[in-house]
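Enquirer: Sharing a structure, written as structure tokens. Questions coming.
What follows draws every value from the coordinates through simple rules; no lab data is involved. On a predicted model such as this, the values are computed, not experimentally measured, just so you know. Every residue, glycine as well, gets a Cβ built from its backbone with ideal geometry; the counts of neighbours run over all protein chains shown.
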Amino acid sequence: MASQVTCEQRLNVRWLGCDGDANTGKDDESEVNVAATVHFLTVCCSNGMSTYLVPDQNTCHQPTSITGENQIPTEEEQAYKKLDEKLKGLLATLPKDKGWRSANIYLHEGFWLSPQVIKGLLMINNYFHAQSTDIFLAAFMKCGTTWLKALMFATANRHRYSFSDHPLRRNGPQSAFPFLDTHIFLDYPITKFEHLPSPRMFATHFAHSLLPTSMSSPSSTCKFVYVCRDPKDALISKWHFMSKLRSKELPPLSFNEAYELFCNGVSEYGPFWDHVLGYWKASQESPEKILFLKYEDMKKEPSVELKKLAAFMGMPFSAEEEKGGVVGEIVKLCSFENLSNLEVNNEGGGAQKFTAQVVVENRDFFRKGKVGDWKNYLTEEMRERIDSITETMFKNSGLTLGLTKEA
Ligand code: A3P
């Protein structure tokens, strides 16, 4: 059963993590974001923030880190503390640059990451073991994670729930399944995910090359659904999203600055192109393990892409289901229009806790949901530069993304 969590308990989060800036020794994230966090936590408390659904129990999992449980030091806690020390040491050695949300991000094994997600990565590599039936949703930020979460959850649980009274309508897609990168440390000290029924589903933004072999090795039978998007639209979407989350104590990140950083690969989980290429190449090598989808294709023909998705997940729609309109029901349930208008995704509707410092209102995951919004932001010169980076990076890979002038 989900634990009952009071507002006071939520505000009393026990946190052993190193979320700060190792070079200055300043816990920059917790300091600069505390006002925003309290505001968002209040929102969460009043609206019953959930972390993720446990479908067969029909409940939402609530992390024990915020309930005050598990306070006796355990072997696990000792290991966790050691890992925290390791993180501090590691951050001190990594190149850093400007973050879009927080002051700094760090270059770790070829990818720019915030301190919290580097911690998540270390924990995943040390403690997370993929099961053979797990299905991971992977994407660079702002490429369609929310949409895919909804589609995958609705598809996998279509025999469990009626479409008219569906948990996605009450809880929203963000709660559909855990975001591995940070949910790994939402329970204290380490989340085990043992309570999730098979197939367990997780979302991640981590690049393919950063993942533990239990997840990424072609010999493990767990699967990945990867969704990518025209980098120009991903850039616009990410700039809007991160600007909302950016600490008010930091100067705003101008669009021109974000554009420059993005082109240079400097953005959380980036470089964008290396991220996409990593999954693309792995999908070419193991098509049975990685399904590579494009946001633009999904917008154009959602039913076709959904059928592809269901078959890949090992849950193809039967002829009877297709005749009965199940595909259309799922497409409708998960459409931008439907999800963005749900109460849970509107002002005061709820929020998602990613770390002690980062809590995001559900409504911020929905903006326009369109292909080609970049045209309202990029000059011809800017478009040309991004398209030429894409062309150069993807040369001879067989992959093309949103290169047309007219999207
Ligand atoms: P825009 O900012 O361009 O509108 P992510 O879920 O990976 O964070 O990506 C967010 C982007 O997907 C946002 O793009 C958001 O509006 C869009 N989005 C969210 N839900 C969607 C849905 N059901 N269908 C299509 N797009 C959706």
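Enquirer: Dividing the convex hull volume of the alpha carbon atoms of the range 256-359 by its residue count, what do you get in Å³ per residue?
Expert: 181
Enquirer: Do any GluC sites (Glu not before Pro) in the range 223-292 lie in a DSSP loop with no more than 11 other beta carbon atoms within 10 Å, and if so, which?
Expert: Values: sites: E249, E257, E260, E268, E285, E288; in loops: E249, E268, E288.
Sparse-neighbourhood loop GluC sites (Glu not before Pro): E288.
Enquirer: Return the long-range amide H neighbours of N104 (sequence gap of 5 or more, or a different chain), with a cut-off of under 5 Å between placed amide H atoms.
Expert: G99
Enquirer: Over 18 Å between Cα atoms, which of K223/K300; K119/K289; K232/K370; K142/K244; K192/K289; K223/K353 qualify?
Expert: In this structure, K223/K300; K119/K289; K192/K289; K223/K353 lie more than 18 Å apart at Cα.
Enquirer: Continuing with the same structure: Count charges around W100 for me, please; just the other residues with Cβ under 9 Å from its Cβ, Lys/Arg as +1, Asp/Glu as -1.
Expert: +3
Enquirer: Whole percent per 5 Å bin, from 0 to the bin with the longest distance: what is P(r) over all C-alpha pairs of the range 243-313?
Expert: Values per bin, smallest distances first: 3, 13, 14, 16, 16, 13, 12, 9, 4, 1.
Enquirer: Among T355, T145, what is the fewest-to-most ranking by other Cβ atoms within 10 Å?
Expert: Ranked by crowding around the Cβ, least crowded first: T145, T355.
Enquirer: List, in order, the whole-Hz ³J(HN,Hα) value for each residue of the range 128-138 obtained from phi through the Karplus relation with A = 6.51, B = -1.76, C = 1.60 and θ = phi - 60°; use x for Gly and Pro.
Expert: With coefficients 6.51, -1.76 and 1.60, one gets 8, 10, 5, 8, 4, 9, 5, 10, 9, 9, 10 Hz.
Enquirer: Among all the aspartates and glutamates, which ones have a C-alpha under 14 Å from K307's C-alpha, if same-chain residues fewer than 8 places away are not counted?
Expert: Result set, ordered by chain and number: D297, E320, E321, E322, E329.
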